Structures are given as structure tokens and as C-alpha cells.
Amino acid sequence: MQRIVSDVSFPRQSGEIAVSKKLVCYYSHTGHTQKIAELIAENIGADIERIIDAKSREGVLGYLTAGRDAMLKRQSRIQPTRKDPSQYDVVILGTPIWAWNLSPPMRTYISEQKAKFNQVAFFCTEGGAGGNRAFRQMANLIGKQPVATLELNETDLKGESYKDKVDGFVEQLAVT
């Protein structure tokens, strides 16, 4: 019988399987990204951390400034996070897409924590497009390519098709 070891820093004995530690870290404004983050974390047994934007993004003015800030690649002030990404083998970063770009709160988190990432994976939620562009922005900021990506649009999120896509993403993460 094989025994699963959750901390790869322990010496392995014959018959043990090392399981990597994973952190799902996400920013969500409307709840779509949070829904996917929670589903991924549950499916892979990962810890989870929500990034909280200190700037109000409510109402029409908040919506407009969010898009502008994303297009201009601005950072945002975020509340301190509790989990240390260096303690995880893989950090899974989730963001909404604003104006075809990475959200400012996630841009800030990446800028502050990028030296602590071992491996990364990315997922995003979007109205229609922009995920691949945001993934390139994330990879460029971090200086590492993701081990897996997941892009979900509004149509996916309104139906049930997101579940199959999340399952495929989770399968990719299982081999890291």
C-alpha cells in the first residue's frame, strides 16, 4: 500500500508518493473568479487566499476606473496577504480580465510576490476575450511560464461547460 506524503520536504520511504503543496491565490470583483478559485482549491486540496483591493471598484465610476487602470497596467493598493507563496510548490493565480488586461490587484500581488513563486499556473474569467493577453502579462511579470492555464468566458460561466474545463485544468495540475 502506498502512503501519500503531503510535505515533500520529508524524506520519502519506499512506497510513498510525494504530493506537492498548492496555493490558489485569486482576486475577484463580481464573484466569478472566486467561484472558480474555490472549485479548483476543493478539487486539488489546495490552500486558498483572496486578494482584497483597497480601492473601491463599485458603481459606474469604479467600473470605468477599473478598465482604465487595467489598460494602463497600473497597480492597486491591496490588503496584506497571509500565506507565503514560497511555502508552496505551485501557486495558482486567478484574475478577472478587465479591458483585455490583467486586473490591477493581481498585478500588484504578482509584483510583490514574484520572487517567491516556485511554479505557477493561471486562470481567468472574462466577458469575452483577453485571457491569453493577461496570461502573457502574468508570465512576463513573473519571469516564468505557467504549468497550466484556464480561460473561462461569460458563456462558460452561465452554463455548465466551465466544470469540464476546470476538470481538465485540475488534471494538468495533478502532474505538477
>> So for each of 156-169, 132-145, 100-113 I average, over its residues, the number of other beta carbons within 10 Å; can you give me the resulting order with the highest mean first?
In response: 100-113, 132-145, 156-169
> Along the three principal axes, how long is region 44-173 when you take its alpha carbons, biggest first, rounded to the nearest angstrom?
Replying inline: 39, 35, 23
>> For the chain, take the longest principal axis of its alpha carbons; what is the angle in degrees between that and the long axis of helix 32-44, to the nearest 10 within 0 to 90?
In response: 0 degrees
>> Suppose all protein chains stay in the model; what accessible area per residue would a 1.4 Å probe give for region 27-176, in Å²?
In response: 50 Å²
>> Probe radius 1.4 Å, ligands and nucleic acids ignored: give me the carbon and sulfur share of the accessible area of region 67-143 as a rounded percent.
In response: 44 percent
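The values are calculated or read from the model by the stated rules, or taken from the named source; none is laboratory data. Owing to the predicted nature of the structure, the values given are computational and were not obtained by experimental measurement. All Cβ positions, even for glycine, are placed from backbone atoms using ideal geometry, and neighbour counts span all protein chains on display. Only protein heavy atoms, including side chains, enter the accessible area calculation; ligands, DNA and RNA are left aside. Shrake-Rupley method; radii C 1.70, N 1.55, O 1.52, S 1.80 Å.
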